[in-house]
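Note sheet for the following structure.
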Amino acid sequence: MKQELINIANGVDGIFIENKRFNTTVISFNYYLPLIKEDVAANALLPYILTSCSEEYENLTVLNRKFNMLYGADLSLTVNKTGDTHHVRIAVSVINDRFSFDNTSIICEAVNLILSLIFKPRLLNGSFYAEDVEREKRKMVENILGEINEKRVYAKNRTLSLMYAALPSGLSRFGELDDVKKLSGVQLYDAWQRMLNTAYVRVQVIGEKLPNNLFQLVGQHFSQVERKPFDQYKKVNTLAPSNTVNRVTDKMDVAQGKLVMGFSSETHGNGCYKLSVMSDIFGGGPYSRLFTNVREKMSLCYYCSASSVMTKGHLLVESGVEFQNMEKAEKEILNQLSAVKNGEFDDFTFEASIKSICGSLKSYNDSLSALDGWYASRIFDDKLISPNDAAKEISKITKQDVIETAKGIQLHTVYKLVGGGSCDE
């Protein structure tokens, strides 16, 4: 699988990943902006408006008809936090050009369509149409409320906001509910200008062939915009150890308690390959300490798992717990962490973890969208690293690496969601 990264405009890079296993190609436009409280809500809502209508396609019905004419091309978008950046992704999946009936480039037509949505939105006097804004605001409010109602997601997001309270990554990817409700068409217009002028952009093409002049086509559009691109996208603020554990309890009308424990670590960036293995042995697969002991043997939790984030270098333990078992579960989770620090895991567990993680990494090649997500999240790397490259690095890790990594783990935040009515810290 070949990889190629080229600069196509000021602050705009193009990536072509050759993959001949599929009959389709994925093209994604990835915009990376600084996470700023005043801008988050508008930045998050903007792609939903851009992909629902445009100057040429006045509503979603007309737009979907155009996608159907492109042999059923599929449009998707995501809004996430990547490191300390706000990551907006607009992508299209389309069949490969060799299946075209008239020898035209379906891929280039799909890219032209995405470019028209991004660069020629439906505007009126320096503002998005009020009806378009209100429609997408209602959907965004539903998304935010959906995350609040899904208590496992809510507890995780709440913990991260507490851990990174003073840092950009502590902000919600969608912004605060009240901020979304207050957004106007003019504010969205300003966000659109900000995205065009200042975002760092990566255009990714993953498929069997890169059409001739595709990146030149994209570059022509960006060359018509006055660009002052955000150049700090590779800078990541890691979590510093805390002298005291931050403890917060919320009360809500819930039947099952949520216990989330956030840990800082001494590793980040590429060093977090070691953290990934340590986290998996601690609370990943069915062979892990948390699964076999806290969940199965002691029956303290409905679920109990650990996960780590490479770019930030932190570790989270999420668990669903009966209210009366909160303290027992917390104590036992820390006991299991101590066991990993002391090297109390056998060769079978270590080897099972390595095989499991490597297998998961190699499975990225089974999905174009997964591959696209992989490369879109690797903006911090000095060179392109494929999932197979990462698997090779994982296979080099030793048991001693895991032990030393575990010793650098320190409890930072304990968040509990318990029953009792309205939210109350």
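The values are calculated or read from the model by the stated rules, or taken from the named source; none is laboratory data. All of these numbers come straight from a predicted model, not from anything done at the bench. When we count neighbours, we look across all protein chains shown, and the Cβ atoms used for this are built from the backbone with ideal geometry, even at glycine. SASA here: full protein model, heavy atoms, side chains in, ligands and nucleic acids out. Shrake-Rupley method; radii C 1.70, N 1.55, O 1.52, S 1.80 Å.
Whole-Hz Karplus values for region 111-120 come out as 5, 4, 5, 4, 4, 5, 5, 6, 9, 10 Hz, taken residue by residue from phi with 6.51 cos²θ - 1.76 cosθ + 1.60 and θ = phi - 60°; glycine and proline positions read x.
Shown in residue order for region 200-217 are the 3J(HN,Hα) couplings computed by the Karplus curve 6.51 cos²θ - 1.76 cosθ + 1.60 at θ = phi - 60°: 7, 10, 10, 9, 10, 10, 10, x, 7, 7, 8, x, 4, 6, 5, 5, 5, 4 Hz (x for Gly and Pro). Within straight-line reach of K209, meaning a Cα separation under 16 Å, sit the following lysines at least 8 residues removed in sequence or on another chain: K2, K20. Near the amide H of A199, within less than 5 Å, lie the amide hydrogens of F230, all on another chain or at least 5 residues away, with H placed in the peptide plane.
Measuring against 28 Å, Cα to Cα, the residue pairs K235/K331; K156/K235; K66/K362; K81/K399; K328/K362; K156/K396 contain K235/K331; K66/K362; K81/K399; K328/K362; K156/K396 as the ones spanning a longer distance. Farthest toward the positive end of the dipole of region 297-375, out of F323, L300, S356, is the Cα of S356, where the dipole comes from beta carbon charges about the Cα centre. For the peptides 238-245, 198-205, residues were scored by their other Cβ atoms within 10 Å and the scores averaged per peptide; the highest-first order is 198-205, 238-245. Just check region 36-135 against the gyration tensor rule for me: Cα atoms, a ≥ b ≥ c as the square roots of the eigenvalues, rounded for a/c under 1.5, and otherwise prolate or oblate depending on whether a/b exceeds b/c. Note, shape of region 36-135 comes out oblate.
Taken about its Cα centre, the chain carries a charge dipole of roughly 400 debye when the Cβ of each Lys and Arg holds +1 and the Cβ of each Asp and Glu holds -1. Extending 7 Å from Cα along the Cβ direction at K37 and again at D389 yields two label points whose distance is 3.8 nm.
Projecting the Cα positions of T311, I333, G283 onto the charge dipole of region 202-337 (unit charges on Cβ atoms of Lys, Arg, Asp and Glu, taken about the Cα centre) puts T311 furthest along the positive direction. Protein heavy-atom accessible surface, 1.4 Å probe, per residue over the chain: 45 Å². When S395, S76, S127 are compared by accessible area of protein heavy atoms, the largest-first order is S395, S76, S127, using a 1.4 Å probe. If the label point is 7 Å along Cα→Cβ of K407, which residues in region 322-357 have backbone nitrogen under 15 Å from it? Answer for this model: 338-344.
What percentage of all Cα-Cα pairs in the chain are separated by more than 40 Å? In whole percent, the share of Cα-Cα pairs in the chain beyond 40 Å is 23.
A 1.4 Å probe over all protein chains sorts R89, R289, R152 by accessible area into R152, R289, R89, starting with the largest. Looking at region 1-106, the GluC sites (Glu not before Pro) that sit in a DSSP loop and have at most 12 other Cβ atoms within 10 Å of their own Cβ are E55. In region 281-425, one over the average inverse separation of all distinct C-alpha pairs is 17.1 Å, which is the Kirkwood hydrodynamic radius.
Listed peptides 169-179, 62-72 appear in the order 169-179, 62-72 once ranked by packing, highest mean of other Cβ atoms within 10 Å at the front. Under a model in which nothing but the beta-carbon of Lys, Arg (+1) and Asp, Glu (-1) is charged, region 224-358 shows a dipole of about 440 debye around its Cα centre. Using every pair of alpha-carbon atoms in region 35-78, split the distances into 10 Å bins beginning at 0 and state the percent of pairs per bin, rounded to integers. Calculated P(r), rounded to whole percents: 25, 44, 21, 10, 0.
Each residue was assigned an accessible area with a 1.4 Å probe, and for T249 the value is about 50 Å². Using every pair of separate Cα atoms, the Kirkwood estimate puts the hydrodynamic radius of region 1-82 at 15.7 angstrom.
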